[in-house]
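Peer 1: Please see the structure below; I have some questions.
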Amino acid sequence: MGDILSQNEIDELLKALNTGEIDVRQMQTTTEEKKIKNHDFRKPNKFAKDHLRTLEIIHENYSRLITNFLSGYLRTLTQVEVISVEELTYYEFNNSISNPAVLGIVDFTPLQGTVVMEIAPNIVFSLIDRILGGKGLSNQKVREYTEIELAIIERIIAQLLNLMREPWENVTQIKPRLEKIETNAQFAQVISPNEMTALITLSAKIGEVEGMINLCIPYPVVETILPKLSTKYWFAMREKAFTEDSKQALQKKIEGTLIPVRAVLGGAVLTVADVVELQVGDVIQLDTNINKDLKVYVGDIFKFKARPGVKKNRVSIKIMGVIREEEENG
């Protein structure tokens, strides 16, 4: 009750206000609390959101290049995409790796320091199985890798690193080089455990096998080019870099791309019993009339009409018409 003023105190206060002895502004007390931001000295944030966003854009392009390369190299459906880009300490990354592992220690010349590429074991075994003529399955139990398996995966990683140059060229010209492969995370202490890193996680799917590919980029590696890891700078450089020469270079790459072309003579439906009883000399009647055009597919797209024939003692086809997009949809 001590905070309640008496009538005499109220009268004295009003009198003082009227005579100007007390300034109203002086009576106003501010109780605003100071805004305090927590700072973790063991885990300081060194990468801004803009930096992480630029790294995400770079590696989205990189994942598309990996997808195209592995699809052609392995001759199977492959899909690689970025699922996250986050900042964490090297200790957190290193501590999350199970042994045995495949850790590529990468020299990021001309930048100072090394980058770590980790490939999940199931993806590693799927790559090896596919390269050696298998179906790309990953039924291997957790075990140590053989020298032959490490030699195969070392070759794959070296080719994946060559693809990394193009996505980074708008920021800086890099020449990544595989120094060695470690199978134990304890021997991959490339920087201080408390140093901050940018972890780019890629989701890889090879056939029916799914796994992760992690790229751990320590802060000291990109510290000198950090101002360039800005989306504004990156897009500005990208627009300048796309010149007439770039268009011609892209056109040459497209013109040199190999695309399968196949002519379908026709089709037939047989029962399993009929297939089992097939003998040499049996005739299978197709659903295509001898006077009708054959369908020619470019990839999986019906693109041409053609007639069969012979040229220089080789079975050939003669293009009779081009199927436009509207005709195909119709």
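The values are calculated or read from the model by the stated rules, or taken from the named source; none is laboratory data. Fair warning: this is a prediction, and the values are worked out from it, not measured in the lab. Neighbour counts are summed over all protein chains in view; Cβ atoms, including those assigned to glycine, are modelled from backbone coordinates with ideal geometry.
Okay, residues lined up against (1) in contact with a Gly (Cβ under 6 Å, 6 or more places away or on another chain); (2) at pLDDT 90 or above:
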{"site": "L127", "(1), (2)": "no, yes"}
{"site": "I131", "(1), (2)": "no, no"}
{"site": "G136", "(1), (2)": "yes, no"}
{"site": "V142", "(1), (2)": "no, no"}
{"site": "E147", "(1), (2)": "no, yes"}
{"site": "L150", "(1), (2)": "no, yes"}
{"site": "I156", "(1), (2)": "no, yes"}
{"site": "L160", "(1), (2)": "no, yes"}
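Peer 1: Please determine whether any residue of the stretch 289-312 is within 30 Å of Q173 (Cα to Cα) and either exposed (fewer than 10 other Cβ atoms within 10 Å of the Cβ) or touching a residue at least 60 places away in the same chain (Cβ under 8 Å) (or both). Step through it out loud before you land on a result.
Peer 2: The initial filter retains those residues of the stretch 289-312 that are within 30 Å of Q173 (Cα to Cα), namely none.
No, the stretch 289-312 contains no residue that is within 30 Å of Q173 (Cα to Cα) and either exposed (fewer than 10 other Cβ atoms within 10 Å of the Cβ) or touching a residue at least 60 places away in the same chain (Cβ under 8 Å) (or both).
Peer 1: Let me ask something else. Scan K247, K240 and give me the residue that is assigned by TED's automatic domain parsing to the domain that holds I156, over 26 Å from A158 (Cα atoms), modelled with pLDDT under 75 and part of a helix (DSSP H, G or I).
Peer 2: After applying the criteria, what remains is K240.
Peer 1: Among the residues of the stretch 88-101, which ones are crowded, with 16+ Cβ neighbours inside 10 Å and assigned to a loop (DSSP other than H, G, I, E, B)?
Peer 2: Hits for the stretch 88-101 are I97, P100, A101.
Peer 1: So which residues in the stretch 90-116 are of a type in the set (S, T, N, Q) and at pLDDT 90 or above, if there are any at all? Break it down stepwise before answering.
Peer 2: Narrowing the stretch 90-116 to residues of a type in the set (S, T, N, Q): 94-96, 98-99, 109, 112, 114.
Selection gives T114 alone.
Peer 1: While we're here: Among the residues in the stretch 303-314, are any part of a loop (DSSP other than H, G, I, E, B), among the aliphatic types (A, V, I, L, M), over 30 Å from S71 (Cβ atoms) and not assigned by TED's automatic domain parsing to the domain that holds F69?
Peer 2: Within the stretch 303-314 (the criterion being part of a loop (DSSP other than H, G, I, E, B), among the aliphatic types (A, V, I, L, M), over 30 Å from S71 (Cβ atoms) and not assigned by TED's automatic domain parsing to the domain that holds F69), the answer is no, since none of the residues qualifies.
Peer 1: Would you pick out the residues in the stretch 102-113 that are crowded, with 20+ Cβ neighbours inside 10 Å and within 21 Å of the chain's Cα centre (by Cα)?
Peer 2: Scanning the stretch 102-113 gives V102, L103, G104, V106, F108.
Peer 1: Of all the helices (runs of 4 or more DSSP H) wholly in the stretch 129-236, which have at least 2 residues that are without any contact (Cβ under 8 Å) to a residue 40 or more places away in the chain and within 20 Å of P100 (Cα to Cα)?
Peer 2: Numbers: elements: 147-162, 165-168, 219-222.
Passing ranges, in order: 147-162.
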